[in-house]
Amino acid sequence: MKNFNFKSPTNTKEAAKLTTGRATFLAGGMSLLPAMKLRLAAYSDLINLKKIKGLSGIKVSSKSLRIGASTTHAEVAASKEVGKSISSLAILADGIGDPQVRNRGTIGGSIANNDPAADYPAACLALNAIIHTSKRKIPVDKFFKGMFETDLKKGELIEAIEFEVPEKSAYAKFPNPASRYAVVGVYVTKLKKEIRVAITGAGSCVFRSKDLESALSSNFSASAIESVNVSSKGLNSDIHASAEYRAHIIKVMAKKAVSSC
Ligand SMILES: Cc1cc2nc3c(=O)[nH]c(=O)nc-3n(C[C@H](O)[C@H](O)[C@H](O)COP(=O)(O)OP(=O)(O)OC[C@H]3O[C@@H](n4cnc5c(N)ncnc54)[C@H](O)[C@@H]3O)c2cc1C
């Protein structure tokens, strides 16, 4: 854990040049440093992103909301722009972990890490986000690949996340009482062209529920969810909740989210 070089580039080109060998980016360190301390991961170089100008900040237009990768959860939670354009996203950010985690952790670090129980992946998927990286723009449906796995290539830096501003949206989370990670989290959006329902915490990776989306497309109300059969097949089963319980909670959280839209 202690044997690594610490580098602090001031621009993205410099950062990209440093990503050789066993180097990795360091944002808030809220997931990376515990993994290194527990010896689950080891790196030769940590490339600190904090001094890179332009990686943090929030910009709103009528159609989209763009959040820089190094923007902290606390900044998103407190942002008037986010509160006005996508209030569900500000509420989600305010429910992540605890004040220490929210003050250090970043949106870019959260989605690059792609923890199966993290909140932001559900927001990205439900709000049809585009992930802007140092190399390309990745549509969210191609971004989250599996447990702790994304479409990012080695040395590819997330610069910003662009969210579609929805007509309606809400996030309902059944949190682990200790960490606040989602045992199940359901993010529902009514976008201009489609309804999206993204689920986190329940599987090995965030996923969309086509059954819930189809029910809500015909009738956007909590009662429309009643007749949907949410299968427990393939869902996580652990000390926090069985697969069957998670399937039940998905419906409960989906109804709660739709009622709050
Ligand atoms: C006690 C505790 C409770 C938590 N509770 C929750 C919770 O309730 N909900 C939740 O969603 N999360 C929770 N988290 C996780 C938290 O949100 C972290 O902030 C997040 O997972 C990682 O963000 P970070 O900025 O700290 O990234 P880091 O830990 O610095 O990095 C994580 C990974 O992302 C990579 N990375 C970072 N930035 C970029 C970038 N711009 N481009 C490409 N790769 C990048 C790093 O190389 C690393 O592999 C919790 C964490 C802790 C410690």
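Only the coordinates and a few stated rules stand behind these numbers; no lab work does. Computed from a predicted structure; not experimentally measured. Positions of Cβ are backbone-derived with ideal geometry, glycine not excepted, and every protein chain shown enters the neighbour counts.
Pull up the DSSP beta bridges for the chain and report the antiparallel fraction as a percent, rounded to 5. Working shown, then result.
Numbers: 34 of 41 bridges.
Of those bridges, close to 85 percent are antiparallel.
Assign unit charges at the C-beta atoms only (+1 for Lys and Arg, -1 for Asp and Glu), then state the dipole size of region 169-218 relative to its Cα centre in Debye, rounded to the nearest 20.
Dipole about the Cα centre, nearest 20: 180 debye.
Nearest 20 debye, what's the magnitude of the dipole of region 1-157 about its Cα centre given +1 on Lys and Arg Cβ and -1 on Asp and Glu Cβ?
Dipole magnitude for region 1-157 comes out near 640 debye.
Going out from 0 in 5 Å bins, what whole percent of all Cα-Cα distances in region 210-261 drops into each bin?
5, 22, 28, 20, 14, 9, 2, 0
What do you get for Rg/Rh of region 1-52 when both radii come from the Cα atoms and Rh is the Kirkwood radius?
In region 1-52, Rg relative to Rh is 0.96.
Hey, rough spin-label estimate for Ser223 and Lys142, points 7 angstrom out along Cα→Cβ, what's it come to in nanometres?
4.2 nm
Would you compute the Debye intensity of region 110-173 from its alpha-carbon atoms alone, equal scatterers and no solvent, and pass along log10 I(q)/I(0) at q = 0.17, 0.28 Å⁻¹ to two decimals?
Reported log10 I(q)/I(0), two decimals: -0.56, -1.34.
Which value in deg cm²/dmol, rounded to the nearest 500, describes the helix-derived mean residue ellipticity at 222 nm for the chain, given -39,500 (n - 2.57) per DSSP H run of n ≥ 4 and division by the residue count?
-8500 deg cm²/dmol
Evaluate E = 1/(1 + (r/R0)^6) for Asn11 and Lys59, where r is the Cβ-Cβ distance and R0 equals 22 Å; express this FRET efficiency to the nearest 0.05. Numbers along the way, then the final one.
Numbers: r = 19 Å, r/R0 = 0.87.
Once the sixth-power term is evaluated, E becomes 0.70.
Would you list which aspartates and glutamates come within 13 Å of Lys135, measuring only between C-alpha atoms, while excluding same-chain residues fewer than 8 positions from it?
Asp151, Glu156, Glu159
If eta is 0.692 mPa s and T is 37 °C, what Stokes-Einstein diffusion coefficient results for the chain, Kirkwood Rh from Cα pairs, in µm²/s?
176 µm²/s
Would you mind calculating the relative contact order of region 1-127 from Cα pairs under 8 angstrom and at least 6 residues apart, reporting the percent as a whole number? Intermediate values should be presented prior to the final figure.
Working: 188 pairs, mean separation 29.0, N = 127.
Across region 1-127, relative contact order equals 23 percent.
Identify, among Phe4, Ser110, Ala215, the residue whose Cα sits farthest towards the positive end of the charge dipole of the chain, taking +1 on the Cβ of Lys and Arg and -1 on the Cβ of Asp and Glu, with the dipole about the Cα centre.
It is Phe4.
What's the magnitude of the charge dipole for region 111-219 around its Cα centre, counting Lys and Arg as +1 and Asp and Glu as -1 at the beta-carbon? Answer in Debye, nearest 20.
140 debye
Order 51-62, 99-110 from most to least packed using the mean count of other Cβ atoms within 10 Å. Please list the in-between numbers first.
Values: 51-62: 14.8, 99-110: 20.7.
Peptide ranking by packing, descending: 99-110, 51-62.
What does the charge add up to near Ala224, with Lys and Arg as +1, Asp and Glu as -1, over the other residues with Cβ less than 13 Å from its Cβ? It would help to have the intermediate numbers written out before the result.
Working: positive: Lys190, Lys251, Lys255; negative: Asp211, Glu213, Glu226.
With Lys, Arg at +1 and Asp, Glu at -1, the neighbours total 0.
How high is the FRET efficiency between Ser231 and Ser204 when r is their beta carbon distance and R₀ equals 22 Å, given to the nearest 0.05?
According to the calculation, E is roughly 0.90.
With all pairs of different alpha carbon atoms counted, what Kirkwood hydrodynamic radius in Å does region 116-261 show?
15.5 Å
Would you calculate the convex hull of the Cα atoms in region 67-112 and tell me its volume per residue in Å³? Working shown, then result.
Numbers: hull volume 2.7 nm³, N = 46.
Expressed per residue, the convex hull around the Cα atoms of region 67-112 is 60 Å³.
Of the cross-linked pairs Lys7/Lys80; Lys84/Lys233; Lys51/Lys210; Lys84/Lys251; Lys53/Lys168; Lys7/Lys153, which ones have a Cα-Cα span greater than 31 Å in the structure shown?
Lys7/Lys80; Lys84/Lys233; Lys51/Lys210; Lys53/Lys168
Based on a Kirkwood Rh over C-alpha pairs, give the Stokes-Einstein translational diffusion coefficient of region 1-147 at 37 °C and viscosity 0.692 mPa s in µm²/s.
205 µm²/s
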